[in-house]
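Just below is one structure, and these are the notes that go with it.
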Amino acid sequence: MVTKPRATARLGYSVTLLIIFALLGYVAATEDLTAVVINSKNSERNIRITDGNAEDRAIDAKISGVAKLVEALKSKSPFVDGLLSKIKAHTPVSNLLESQQFNTLSSHISDTYPGKADEVMIAILATKYDDEALTAILHAARTRDQTKDLADRLSKARLSNWFHEEVTADDAFLKLKLPASGDMLVWFPETRLWLSFVSRLHPKNTDDMILSVLKTHYKTDEQLGHVLQYGLTPNADIAARLKKIVFKYWLREQKSAENVFEFLLKRHRNFVFQTRDLDDWVEYVYMVDMKTPLTTMFKVLDKRFGRDLPNMLDKALKVPRTKKLAEMLVTKL
């Protein structure tokens with residue numbers, strides 16, 4: 001009867017030792033990951049995320065929490081650095097997001113940082129690729145159905161990281177490799193991203209900042225006019241927004257109907273009635289001369305085309321899109 005408690009005590013002691021050893025083994029196996037998670041949690045105390053979505057929280061602009069997570073992950077995980085090296089060494093930029101190495105890395109990041117995976121992933125890629133290459137990677141991925149959604153998510157995460165790194169509107173324009181030729185601006189998918197970034201960066205004076213950057217890169221009014229051209233679907237909304245900004249600027253600068261004709265239609269020569277850019281000019285004329293817009297239009301057209309104008313109007317009368325305008329202008333002959 002006396003020995004039973006001792007046996008029970010020895011058994012309990014042995015079980016306790018086994019539990020301790022198991023815990024030590026678990027800790028040793030997960031030491032690296034624990035260090036990363038602890039570091040990330042500590043830095044997240046200073047993090048607050050802001051975005052247009054209710055699911056986001058904003059990061060303090062002075063503390064890049066994502067950058068700390070990236071450094072912690074890389075320093076604690078040779079596996080991650082090794083995958084990145086393989087990706088850069090063997091994977092063409094054109095289909096990087098489809099590579100097995102990228103998918104492996106993406107799964108690892110998603111498991112480690114489920115609430116911040118896109119931000120961490122794009123920040124890690126940014127340590128291996130410069131702005132031009134990374135923009136090319138995302139641009140190529142956006143053209144493929146199987147990677148389009150991922151590319152869109154990573155692009156938005158990239159902008160979010162830039163916001164917290166205090167990247168300027170002009171810097172973002174350059175990083176996104178937007179075109180030097182204004183007449184292609186509305187066709188670039190990155191233009192939509194840039195407009196979204198400027199809106200977030202300067203919510204109170206977005207249009208002014210957009211105009212300021214555009215004027216930096218498209219220095220003349222004619223170059224600004226090219227920005228407005230070819231704004232057809234699916235980019236009509238972008239063209240409409242840019243037109244509103246530029247027209248507001250031209251009105252403030254008191255640009256005449258004739259001035260704006262030069263900016264928008266000069267290069268179309270005698271084919272002005274065959275281009276949709278004519279619609280923008282007509283819209284501007286109605287804004288600058290609300291009382292006699294048709295008279296103003298006719299004067300500008302007659303001054304530029306002279307004897308050719310009647311023939312041009314005759315052709316315009318036979319086209320449904322321009323018939324109504326031509327009928328009104330003919331009355332001024």
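Couple of notes before you dig in:
- Filter pass, Leu317 being surrounded by 15 or more Cβ atoms within 10 Å (Cβ to Cβ) and either touching a helix residue (DSSP H, G or I) at 6+ places or on another chain (Cβ under 7 Å) or under 14 Å from Ser256 (Cα atoms) (or both): yes
- Considering the stretch 164-195, and only residues there that are touching a Leu at 6+ places or on another chain (Cβ under 8 Å) and touching a residue at least 40 places away in the same chain (Cβ under 8 Å), the residue that is surrounded by the most Cβ atoms within 10 Å (Cβ to Cβ) turns out to be Leu185.
- Among the residues listed as Thr143, Thr206, the single one being buried (at least 17 other Cβ atoms within 10 Å of the Cβ), of a type in the set (S, T, N, Q) and without any contact (Cβ under 8 Å) to a residue 60 or more places away in the chain: Thr206
- Conditions (1) outside the structural domain of Thr220 (by TED's automatic domain parsing); (2) of a type in the set (Lys, Arg); (3) within 18 Å of the chain's Cα centre (by Cα): number failed by Lys177: (1)
- Listed here are the helices (runs of 4 or more DSSP H) enclosed by the stretch 266-333 that have at least 2 residues being over 25 Å from Lys244 (Cα atoms): 293-305, 309-316, 320-330.
- Qualifying positions in the stretch 302-317 - hydrophobic (A, V, I, L, M, F, W, C) and free of Cβ contacts under 8 Å to residues at least 40 places away in the same chain: Phe305, Leu309, Leu317
- The stretch 107-132 residues that are closer than 18 Å to Ser160 by Cα, paired with ones that are of a type in the set (D, E, K, R) and assigned to a helix (DSSP H, G or I) (beta carbon under 6 Å, 6 or more apart): Asp118/Arg153; Ile122/Arg158; Asp131/Lys175
- Subset tally (residues that are of a type outside the set (S, T, N, Q), within 15 Å of Pro234 (Cβ to Cβ) and either over 15 Å from the mean Cα position of the chain (by Cα) or in a helix (DSSP H, G or I) (or both)) for the stretch 185-213: 8
- Of the criteria (1) within 30 Å of Asp149 (Cβ to Cβ); (2) not assigned by TED's automatic domain parsing to the domain that holds Thr135, which one Trp162 fails: (2)
- Breaking point among (1) of a type in the set (Gly, Ala, Ser); (2) surrounded by 18 or more Cβ atoms within 10 Å (Cβ to Cβ); (3) free of Cβ contacts under 8 Å to residues at least 40 places away in the same chain, for Ala236: (2)
- Checking the stretch 236-257 against the condition returns no match, with no residue being aliphatic (A, V, I, L, M) and outside any helix (DSSP H, G or I).
The values are calculated or read from the model by the stated rules, or taken from the named source; none is laboratory data. Just so it is clear, the model here is predicted, and its values are computed rather than measured. Every residue, glycine as well, gets a Cβ built from its backbone with ideal geometry; the counts of neighbours run over all protein chains shown.
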